[in-house]
1. Could you figure out which of (1) over 13 Å from ALA91 (Cβ atoms); (2) at pLDDT below 95 isn't true of PRO41?
2. Report, by residue number, each residue of segment 1-32 that is within 15 Å of the chain's Cα centre (by Cα) and among the hydroxyl-bearing types (Ser, Thr, Tyr).
3. Looking only at strands (runs of 3 or more DSSP E) that lie completely in segment 3-115, which have at least 1 residues being open to solvent by 50 Å² or more (accessible area, probe 1.4 Å) and among the β-branched types (Val, Ile, Thr)?
4. Got a number for residues in segment 67-106 being of a type in the set (Lys, Arg) and modelled with pLDDT under 95?
Amino acid sequence: QVQLVESGGGLVQPGGSLRLSCVASGRIRRPNVMGWYREVPGKQRGLVAVITDGGIVRYADSVKGRSTISRDNARDTITLQMNNLKHEDTAVYFCNLARNDESYWGQGTQVTVSS
């Protein structure tokens, strides 16, 4: 099994920045895809950004140009740098690791953008 632990969420003013981190542990097998998804009440959990262990990335249009996802394969860690945050970025952010038919989720970290 795989365990994912997120950190870095919090309260930030509009226009500010946050850095989210996710550390994977357990039976990590490659190749795999890791990424960030976010969820607000009443809405489907949606993709923010994903990255393969080869460094290929994909961003949601809503965060493109403001966010950067990266990973450290040696430490099985991914990071999401979010800049110029907006009220619409407020959500619980979840880390995910997927490989073939396997998919694992963290418990989430709250991001609140408010003045």
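1. Only one criterion is unmet by PRO41, namely (1).
2. Of everything in segment 1-32, those that are within 15 Å of the chain's Cα centre (by Cα) and among the hydroxyl-bearing types (Ser, Thr, Tyr) turn out to be SER7, SER17, SER21.
3. Details: elements: 10-12, 18-26, 33-39, 46-52, 57-59, 67-72, 77-82, 91-99, 102-105, 109-113.
In segment 3-115, the matching strands (runs of 3 or more DSSP E) lie at 18-26, 33-39, 57-59, 67-72.
4. Initially, segment 67-106 is screened for residues of a type in the set (Lys, Arg), giving 71, 75, 86, 99.
In the following step, the residues that additionally are modelled with pLDDT under 95 were identified as 75.
Of the residues in segment 67-106, 1 are of a type in the set (Lys, Arg) and modelled with pLDDT under 95.
To keep it simple, each residue is scored yes or no on (1) over 13 Å from the mean Cα position of the chain (by Cα); (2) farther than 19 Å from GLU6 by Cβ.
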site: ARG58; (1), (2): no, yes
site: ASP61; (1), (2): yes, yes
site: ASP72; (1), (2): yes, no
site: LEU80; (1), (2): no, no
site: HIS87; (1), (2): yes, yes
site: PHE94; (1), (2): no, no
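The values are calculated or read from the model by the stated rules, or taken from the named source; none is laboratory data. No experiment lies behind these values; they were computed from the predicted model shown. Methodologically, a virtual Cβ is constructed for each residue, glycine included, from the backbone with ideal geometry; neighbour enumeration extends over all protein chains shown. Accessible surface is based on the protein model in full, side chains and every heavy atom, while ligands, DNA and RNA are left aside. Shrake-Rupley method; radii C 1.70, N 1.55, O 1.52, S 1.80 Å.
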